[in-house]
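One structure is given below, encoded as C-alpha cells.
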Amino acid sequence: MNVTLAVKQYVSKMIENSGPGMKVLLMDKETTSIVSVVYTQSEILQKEVYLFERIDSQNRETMKHLKAICFLRPTKENVENLIQELRRPKYSVYFIYFSNVISKSEVKALAEADEQEVVAEVQEFYGDFIAVNPHLFSLNLMGVARGRSWEPTLLARSTQGLTSVLLALKKCPMIRYQLSSDMAKRLAESVKQIITKEYELFDFRKTEVPPLLLILDRSDDAITPLLNQWTYQAMVHELLGLNNNRIDLSRVPGISKDLREVVLSAENDEFYANNLYLNFGEIGTNIKNLMEDFQKKKPKGQQKLESISDMKAFVDNYPQFKKMSGTVSKHVTVVGELSRLVSERQLMEVSEVEQELACQNDHSNAHQNVRRLLQNPKVSELDAVRLVMLYALRYEKHSSNNLPGLMEDLSRKGVSERHRRMVQSVVEYGGKRVRGSDLITPTDAVAITKQFFKGLKGVENVYTQHQPLLHETLDQLIKGRLKDSQFPYLGPSTLRDRPQDIIVFIIGGATYEEALTVYNLNRTMPGVRIVLGGTTIHNTKSFLEEVTTAAGAGHGGERSQGVGRHPSRR
C-alpha cells in the first residue's frame, strides 16, 4: 500500500517498454505534475529520456530520431491532440499510456488517425493521482462543493482519481461512507458503479479480509484545517505553501537566486525524509547537529551555533559549504523563514490559544484569551480570523457565546469584510447542524496534558495536544467499533473481520496533520495498512477558499439523510 511506489513503477515500466534509444516524454498539464512529484528530471534523464514536452504545446520540433512515450489523462482534449499528432507524427514511434480507463470508441479514433502506423502500443496505467507521500495522495481539486452538493465535473474527476488509486494498489474494496454527507454517498455510488462496469480490471486475487474504502467529508471536522502546525511538512505547507512538493521562497527577504523555488521531496532528500514528521524544535536541533559535524572537519575557529540566525550567517560565510551541501542550505533557509514568521506573527502565543480552543472546555478563559490576542497588533489578519472561527465552532451552542463581541473586535482590528464574512461561512460549512459525529466532546479537558518540546533556544515549547477527528474514526474502525448507523456499508455485505487494508478519502481535502495521524497508526498498529487521500491537501488559506466556494453557491438544502440521486455516468 505505497502510492508513491505505485506511480514510480508505472513510469519506469513505460520507459522500459519502449526499449533502448533516445526518448521524449509527452505529457499534459496534470500528468506532468503526477510524474514530477515521484521522479526528478535527472533521474528520468538517466533512463534515456532527454526531452519533456506538453502534448498541447504548438511549436514542438519534428525529431524523428526520438521515440515518444505519451502519458496522458483520457480527456476529450488529449485524445483530440493525440489524433492531430498521429496524423502528422513528429517522432519515430509512439508508446501511448492513459492514466485511466479509455473508451473503445476513442481507441478506434486513434487507430484510424494512425495512418503511418507509428503507434507501437496503447495501454492504461492507472497513475491518475498525485502521490504526495507513500501513504498520502491528492487529486489537486479545489472547490468541489456547491452548497452541499458536488460540482458535477469534479464528481466525475474524483471518481476517476479514486478508482485509479484502487487499481494502482490492486484493491477491490468494500465501501463505507459518512451517512451525514450526501456528497460521500454520491461518490461511493459512483466508485461502485465503475467497479461493477469494469469488473474485469478489478478482478484481483482475493485476500482473507477484503480491503475497505472509507469516504468522509471535510465538513465533519472543520477544526483541523484551521490550526497552526508544528511538524515540518505540515508547518511548511501552512506558512509557506507546498505545491506538488515545491515551495515558492521568492518573497523571503534577501533570498539568493538559486533558492527562490525549492523542492522538498522525501524520495530524494534524506534530511527531509528523516524530519518530515518531527516537530519544529527537533528539526532545529537536527540542522544544528548536521552543521556542527561539518564544522568539525573545518579546524578554523569554532563558531557557536546558538540560534537559527547564527546558522544562516554560518552558511553564508562558507560558500564551499553551500556547494557541498545544497540540501543543508535549502533547509537552513526554509527553517530560517519558518522561524522568522513564527516570531513575527507571534505564532507560539496564537497556537497556544488555538490548541486551548480545539481541545479544552473552559469558555470564559478561551474567550478572554481570544480577545487578548485580537488586541495584539502583531497578530495577523489570518490568525485573528482563524481564532474567531475556532471559537465560533467550539462554543457555537454555549450559553455565554459572545461571537458578536469578537466580530466587533475583528472590525476594530481592521480585518477586511471578506475575512469577517468567512466566519459565518465556516460555521455553515462545519457547524453542529451539519456534522454527523461528535467533533467536540466535553470530557477532553481531563485527557489533555501539555507537551513541552525543548528545542533550539528560539523555540522553547510547542503545543500539539490536538488529535484530528480522523484519529478517533480510524481507531474505532480498526477495533471493529465504527457504527454502521453513522458509516453504513454500500450494498448488502459487511466486513466480519477487522479491516487490514484501509483507504480513506476526504471530500473537500485532507491535511498534513491527518497524514501524520495515519503515519503514526501505520507505525503502531501491526497488520494494519492505511492510505489517506483527499480532493486536495489543505492549509488554512486553501481551506477557507474551499469553504467560500461552497458557501458562494447558495446554502443549498439541508444534508439529506436518505437516498442520494444517482450519479451521472462517466
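The values are calculated or read from the model by the stated rules, or taken from the named source; none is laboratory data. These numbers were taken from a predicted model, which means no experiment stands behind them. Cβ coordinates were reconstructed from backbone atoms using ideal geometry, including for glycine residues, and neighbour counts include every protein chain displayed. Side chains included, ligands, DNA and RNA excluded: accessible areas come from the protein's heavy atoms. Shrake-Rupley method; radii C 1.70, N 1.55, O 1.52, S 1.80 Å.
When the residues of region 443-479 are narrowed to those that are modelled with pLDDT of 90 or more and assigned to a loop (DSSP other than H, G, I, E, B), which ends up most open to solvent (accessible area, probe 1.4 Å)? Result: 479. Of all residues in region 524-540, those being part of a helix (DSSP H, G or I) and either aromatic (Phe, Trp, Tyr) or at pLDDT 95 or above (or both) number 1.
Taking the conditions exactly as written (surrounded by 19 or more Cβ atoms within 10 Å (Cβ to Cβ), at pLDDT below 95 and not in a helix (DSSP H, G or I)), does residue 427 satisfy them or not? Considered against the rule, which asks whether it is surrounded by 19 or more Cβ atoms within 10 Å (Cβ to Cβ), at pLDDT below 95 and not in a helix (DSSP H, G or I), residue 427 comes out as no.
Does residue 149 satisfy being over 29 Å from residue 38 (Cβ atoms), surrounded by fewer than 24 Cβ atoms within 10 Å (Cβ to Cβ) and under 24 Å from the mean Cα position of the chain (by Cα)? Yes. When you look at residue 206, is it modelled with pLDDT under 95 and under 17 Å from residue 124 (Cβ atoms), yes or no? The answer is no for residue 206. Please tell me if residue 294 is hydrophobic (A, V, I, L, M, F, W, C) and modelled with pLDDT under 75. Spelling it out, residue 294 is indeed hydrophobic (A, V, I, L, M, F, W, C) and modelled with pLDDT under 75.
Considering region 339-415, the qualifying helices (runs of 4 or more DSSP H), each wholly inside and each with 2 or more residues that are among the basic types (Lys, Arg) and open to solvent by 50 Å² or more (accessible area, probe 1.4 Å), run over 363-374, 403-413. Looking only at residues of region 9-20 that are farther than 26 Å from residue 80 by Cβ and either among the acidic types (Asp, Glu) or not in a helix (DSSP H, G or I) (or both), we find that the one that is most open to solvent (accessible area, probe 1.4 Å) is 16.
Whenever a residue of region 46-74 is at positive phi, its partners that are surrounded by 12 or more Cβ atoms within 10 Å (Cβ to Cβ), lying with C-beta atoms within less than 7 angstrom and at least six residues away or across chains, give the pairs 48/22; 48/23.
The numbered conditions (1) open to solvent by less than 20 Å² (accessible area, probe 1.4 Å); (2) of a type outside the set (Ser, Thr, Tyr); (3) under 30 Å from residue 547 (Cα atoms) are all true for residue 185 except (1). Do we find a residue being out of contact with any Pro (no Cβ under 8 Å at 6 or more places or on another chain), modelled with pLDDT of 90 or more and of a type outside the set (A, V, I, L, M) anywhere in region 247-258? Within region 247-258, one or more residues are out of contact with any Pro (no Cβ under 8 Å at 6 or more places or on another chain), modelled with pLDDT of 90 or more and of a type outside the set (A, V, I, L, M). No other residue among 212, 162, 201 is under 17 Å from the mean Cα position of the chain (by Cα), under 21 Å from residue 493 (Cβ atoms) and of a type outside the set (Val, Ile, Thr) apart from 162.
Residues that are over 24 Å from residue 132 (Cα atoms) and either free of Cβ contacts under 8 Å to residues at least 40 places away in the same chain or assigned to a helix (DSSP H, G or I) (or both) within region 162-182 comprise just one, 182. Can you confirm whether residue 79 is aliphatic (A, V, I, L, M) and in contact with a Gly (Cβ under 6 Å, 6 or more places away or on another chain)? Judged against the criteria, residue 79 is not a match. Does any residue of region 477-493 turn out to be of a type outside the set (A, V, I, L, M), touching a strand residue (DSSP E or B) at 6+ places or on another chain (Cβ under 6 Å) and touching a residue at least 60 places away in the same chain (Cβ under 8 Å)? Within region 477-493, one or more residues are of a type outside the set (A, V, I, L, M), touching a strand residue (DSSP E or B) at 6+ places or on another chain (Cβ under 6 Å) and touching a residue at least 60 places away in the same chain (Cβ under 8 Å). Among what's in region 9-18 and is of a type outside the set (A, V, I, L, M, F, W, C) and in contact (Cβ under 8 Å) with a residue 40 or more places away in the chain, pick the residue that is nearest to residue 65 (Cα to Cα). The qualifying residue nearest to residue 65 (Cα to Cα) is 18.
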